[in-house]
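The values are calculated or read from the model by the stated rules, or taken from the named source; none is laboratory data. Model, not experiment: these values are computed from the prediction. Cβ coordinates were reconstructed from backbone atoms using ideal geometry, including for glycine residues, and neighbour counts include every protein chain displayed.
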Amino acid sequence: MSVVTISPTSSARLYDQTVEQLGRSIVQGALRVGESIVPDQLAENLGLSRSVLREAFRALESKGLVQARPRIGTRVSPRDQWNFLDPQVISWRLQGEDRLEQVEELYSTRLAVEPVAARLISGLSDADAVRDLRLLIARMRDAMLARDLHAFTEADVEFHTELLLRSGNKMFSCFSTVIAAAVRTRETLVFPLVEETHKGLEMHERLVEQIAEADPEVEETSRTLIRDAHSEARTALGHWDTHGAATL
């Protein structure tokens, strides 16, 4: 089995670190599909209690990454059993060699869901939703002026999550973690807050005004917004792969 290291710390932190290190090792291929993991041996090697390791394996099993079977033991699950909607799995893929594929899948999911959500919410005449979306745009603008990437990203995540939650389609809420992960690629890849961000903010404002006016063009505006963000992500990813993370 490939080597996994865990730093000594509190029990709660040990649990988080164990899930993080094992999950990342599986998703990024250090622990291969079908590879056997011996919990007792791993606990001894890492200096972990069996209870901490047991809870960590339960978390990994809930993500579809490992499976425990009588007389077979614990093994890394086939990829088609992984929960690719899980936010940690998404994060681990974005940090590994799968990052380009993960970015493409995140943005294709956004294109499939968000324009429909925008159209649905525009037909609801929901003044409270429009007000809340405008407030989030104001937060994004303040963060942009302050060059606060984290604050900008969190307001952007809330904006796009709000679109799903206010659309009237309860099933869209299931995609909120995926949409949030896609929006957070801004921070993961460290996009500079430059001219493209000003344009994107103007597009957000246009989208909200079209929602308020029940404009039939709202779907196309949503698609344009997502495609522009996708293009930014590809550019940042190319820079990240060549030079490391971009700087503000």
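Go through the residues of the range 149-156 one by one and say whether even a single one is modelled with pLDDT under 90, buried (at least 18 other Cβ atoms within 10 Å of the Cβ), touching a helix residue (DSSP H, G or I) at 6+ places or on another chain (Cβ under 7 Å) and in the same structural domain as residue 94 (by TED's automatic domain parsing).
Yes, the conditions are met somewhere in the range 149-156.
Can residue 26 be described as over 30 Å from residue 186 (Cα atoms) and either free of Cβ contacts under 8 Å to residues at least 24 places away in the same chain or not acidic (Asp, Glu) (or both)? Give the steps one after another, and end with the answer.
Working: over 30 Å from residue 186 (Cα atoms): no; either free of Cβ contacts under 8 Å to residues at least 24 places away in the same chain or not acidic (Asp, Glu) (or both): yes.
It is false that residue 26 is over 30 Å from residue 186 (Cα atoms) and either free of Cβ contacts under 8 Å to residues at least 24 places away in the same chain or not acidic (Asp, Glu) (or both).
Which number in (1) free of Cβ contacts under 8 Å to residues at least 12 places away in the same chain; (2) in a loop (DSSP other than H, G, I, E, B); (3) charged (D, E, K, R); (4) more than 20 Å from residue 54 (Cα to Cα) marks the one condition that residue 80 misses?
(2)
Would you check which residues across the range 157-173 are surrounded by fewer than 17 Cβ atoms within 10 Å (Cβ to Cβ) and part of a loop (DSSP other than H, G, I, E, B) and list them?
168, 169
Of all residues in the range 176-190, count the ones that are farther than 16 Å from residue 92 by Cβ, assigned to a helix (DSSP H, G or I) and of a type in the set (A, V, I, L, M, F, W, C).
Qualifying residue count, the range 176-190: 2.
Taking the range 226-240, which residues are modelled with pLDDT under 80 and under 10 Å from residue 100 (Cα atoms)? Give the steps one after another, and end with the answer.
So in the range 226-240, the residues modelled with pLDDT under 80 come out as 236-240.
The answer is 237, 238.
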